[in-house]
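Down below is the structure, laid out as structure tokens.
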Amino acid sequence: MLKAQLFHLLLLGFPLCAAELPTIPASDRILSSQEVKNYWLIVLHRKPLPPKSTGLHPQKQQARQDEIVRRRKLISGIRAGSHDLGARITALEHNIAANRQLGKSNEAGRLEKELMTLREHLARIAMLEAQRELALKAALAMDRIQALEAEIARLEQQLIQAASDNNDCENASNGADCP
């Protein structure tokens, strides 16, 4: 999960699942990553579920169940730490804006540098992960090529043997032994 999240950070600048997480409202309050995660959990718990289905619309029951499962997974992921990186980035982005609002441009600049450094580091990790995956694919392709080469060699040997058997048959004075 973390590898996929890091790869998507390179492409999107934020984890792929960020669209599922509640947006932190703008304020001049400085937030920690834990406070961001707590906010996400509170909003997810309080957000109303789709209405229960009626006899006229039984398909809504499946959509409701899917939403319940999606939220439970998201909440357990937040609690398990799967979204810690997203929370850190969200807190940094929020705190940059909050410090600007408070007139603390030096602190906002420092946080911007920290955010840029974090994103650059994550981009390098994602690039290394992509290279590792390419190397793994190349190794698997090489294994496949070696297996195919071995199969070709085996078939060539069978062909040579069949040709040799055929020649032996033609050269034999009595063709009774030949198939």
Residue list for segment 24-60, restricted to those being of a type in the set (Asp, Glu) and part of a loop (DSSP other than H, G, I, E, B): Asp28
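For every residue, the table says whether it meets (1) modelled with pLDDT of 95 or more; (2) surrounded by 17 or more Cβ atoms within 10 Å (Cβ to Cβ); (3) in contact with a strand residue (DSSP E or B) (Cβ under 8 Å, 6 or more places away or on another chain).
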site	(1), (2), (3)
Ile68	no, no, no
Leu74	no, yes, no
Gly86	no, yes, no
Leu92	yes, yes, no
Ala97	yes, no, no
Asn106	yes, no, no
Those residues of segment 109-125 which are hydrophobic (A, V, I, L, M, F, W, C) and either within 23 Å of Pro25 (Cβ to Cβ) or not in a helix (DSSP H, G or I) (or both), in sequence order: Leu111, Leu115, Leu118
Test set (1) at pLDDT below 95; (2) over 25 Å from Glu120 (Cβ atoms) - Gly13 fails condition number: (2)
Qualifying residues in segment 108-147 (those that are of a type in the set (Asp, Glu) and surrounded by fewer than 11 Cβ atoms within 10 Å (Cβ to Cβ)) - the one nearest to Leu92 (Cα to Cα): Glu120
Conditions (1) over 30 Å from Ala97 (Cβ atoms); (2) modelled with pLDDT under 80; (3) surrounded by fewer than 11 Cβ atoms within 10 Å (Cβ to Cβ); number of the one not met by Ser53: (3)
Flag for Glu129 being part of a helix (DSSP H, G or I), farther than 20 Å from Leu44 by Cβ and touching a Lys or Arg at 6+ places or on another chain (Cβ under 7 Å): yes
Lone qualifier among Asn106, Asn99, Asn95 - being in a helix (DSSP H, G or I) and under 26 Å from Ile125 (Cα atoms): Asn95
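What about Lys60, is it more than 14 Å from Glu20 (Cα to Cα) and free of Cβ contacts under 8 Å to residues at least 12 places away in the same chain?
For Lys60, the condition - more than 14 Å from Glu20 (Cα to Cα) and free of Cβ contacts under 8 Å to residues at least 12 places away in the same chain - is met.
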Scan of segment 79-108 for residues that are in contact (Cβ under 8 Å) with a residue 60 or more places away in the chain and either in contact with a helix residue (DSSP H, G or I) (Cβ under 8 Å, 6 or more places away or on another chain) or within 12 Å of Leu31 (Cβ to Cβ) (or both), ordered by number: Ser82, His83, Leu85, Gly86, Ile89, Thr90, Ala91, His94, Asn95, Ala97, Ala98, Asn99
Residue that is over 21 Å from the mean Cα position of the chain (by Cα) and loosely packed, with under 14 Cβ neighbours inside 10 Å, where the choices are Ile42, Ile24, Ile30: Ile42
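Restricting the search to segment 120-135, which residues are within 16 Å of the chain's Cα centre (by Cα) and among the hydrophobic types (A, V, I, L, M, F, W, C)?
Leu122, Ala123, Ile125, Ala126, Met127, Leu128, Ala130, Leu134
The values are calculated or read from the model by the stated rules, or taken from the named source; none is laboratory data. Everything numeric here is computed off the predicted structure, so don't read it as measured data. Reconstructed Cβ throughout: ideal geometry from the backbone, glycine too, with neighbour counts over all protein chains shown.
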